[in-house]
Amino acid sequence: MISITGAQQNELLRALSRADLERLFCQLELVTLPAGKHLFDFGDKIEYTYFPTNAIVSLLYVMEDGATTEIAVVGREGVAGVALYDGERATCTAVVQSAGYGYRLKTSFLREVFSEGGALAQLLMRYTSAMFAQMAQNVVGGRHCSIEQKLCRWLLDRLDRSLSNELKVTQDTMANMLGVRRESITVTARKLQDEGLIQYRRGTVEVLDREGLEAAAGNCYKAARAGFEQFRRAINPSLHN
């Protein structure tokens, strides 16, 4: 069952007034999002828009040979699968990376609400701006940042969307998402562990020193974080205090 409290676990939905959120109830559906589930693939017609609550979704570009590169990540702060034009096709692949739950909404209904230009439309436009900042940072980071900086940023991106300091992730997944060799991740993760920033156990990374991890990531992380902090302040004025 859906509820006001449940839907408000997603920050974007929480920013809506109760009346605006209640209007979505006839179309909102609570769904389980298991790890590895494809919400949509490149070229698909996007049938549903997803608002994660505790799941984390990777937006990927998949090459013809099967190689993948992550271009953005979505968690409880946002939304995946916004298609505002009839017949619009997915320009990336969305895969659940960390299992959890979320709410989904038919994109046809989303377009109807968006066309009215109300609160939801304004929130989606603000969120899109923050997403552009994240994607731009990933492009710059992919070209100019070291593997250590990329891995630190990648872990921080997930930590920002996680309810704990522990991340369920394998070295193979980290290598695939960052487009680097697994051996490079092994060496880098060991270095971060030796420096006391993380503790790595098979399939689990625990962040021990967030400030140190941010310092190690440097500018590879700062710009994208600034974009989402600006978004959060815009939708939650109390954060100004």
Distance from a point 7 Å along Cα→Cβ of Phe42 to each backbone N in region 71-94: keep the residues under 14 Å and list them by number.
-> 71-72, 90-94
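Stretched out fully, how many nm does the piece from Met63 to Ser17 gain, at 0.36 nm a residue minus the Cα gap? List each step's numbers first, then the result.
Working: separation 46, 0.36 × 46 = 16.56 nm, distance 4.12 nm.
Answer, rounded to one decimal: 12.4 nm.
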Spin-label model distance (nm) - Ala223 vs Ile147, 7 Å beyond Cα toward Cβ = 2.4
Keeping to pairs on different chains or 8 or more places apart, tell me how many lysine pairs in the chain have Cα atoms under 20 Å apart.
-> 8
Please compute P(r) over all alpha-carbon pairs of region 62-153, binned at 10 Å starting from zero, and give each bin as a whole-number percent.
-> 12, 39, 35, 13, 1
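Expressed in nm to one decimal, what extension gain is obtained for the pair Ala215 and Ser129 from 0.36 nm per residue of sequence separation less their Cα-Cα distance?
Details: separation 86, 0.36 × 86 = 30.96 nm, distance 2.51 nm.
Between Ala215 and Ser129, full extension yields 28.5 nm more.
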Could you tell me what percent of the accessible area of the chain is made up of carbon and sulfur, with a 1.4 Å probe and every protein chain present?
-> 49
Can you tell me the accessible area per residue over the chain, all protein chains present, probe 1.4 angstrom, in square angstrom?
-> 50
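Is any helix in the chain, taking whole DSSP H runs, at least 27 angstrom long along its axis by alpha carbon and on average at least -0.5 on the Kyte-Doolittle scale, and which ones?
Numbers: long enough: 119-144 (38 Å, 0.29).
Membrane-span-like by this rule: 119-144.
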Quick one: Cα centre-to-centre distance for region 6-21 and region 80-108, in angstrom?
-> 18
P(r) of region 95-218 over all Cα-Cα pairs, 5 Å bins starting at 0, rounded to whole percent, reads 2, 9, 17, 20, 17, 12, 9, 7, 5, 2, 0
Interchain or sequence-distant (5+) residues whose placed amide H lies within less than 5 Å of the amide H of Phe40 are Ala94
Using a cut-off of 15 Å between beta-carbons, work out the net charge of the residues near Phe114 (Lys and Arg +1, Asp and Glu -1, Phe114 not included).
-> -1
Could you give the length gained on full extension between Ser3 and Ser164, defined as 0.36 nm per residue of separation minus the Cα-Cα distance, in nm?
-> 55.6 nm
If you bin the C-alpha pair distances of the chain every 5 Å from 0, what whole percents do you get?
-> 1, 6, 13, 18, 20, 17, 12, 8, 4, 1, 0
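The values are calculated or read from the model by the stated rules, or taken from the named source; none is laboratory data. Since this is a predicted model, take the numbers as computed values, not measurements. Neighbour counts run over all protein chains shown; Cβ positions are idealised from the backbone, glycine included. To get the accessible areas, we keep the full protein, side chains included, count just its heavy atoms, and leave off ligands, DNA and RNA. Shrake-Rupley method; radii C 1.70, N 1.55, O 1.52, S 1.80 Å.
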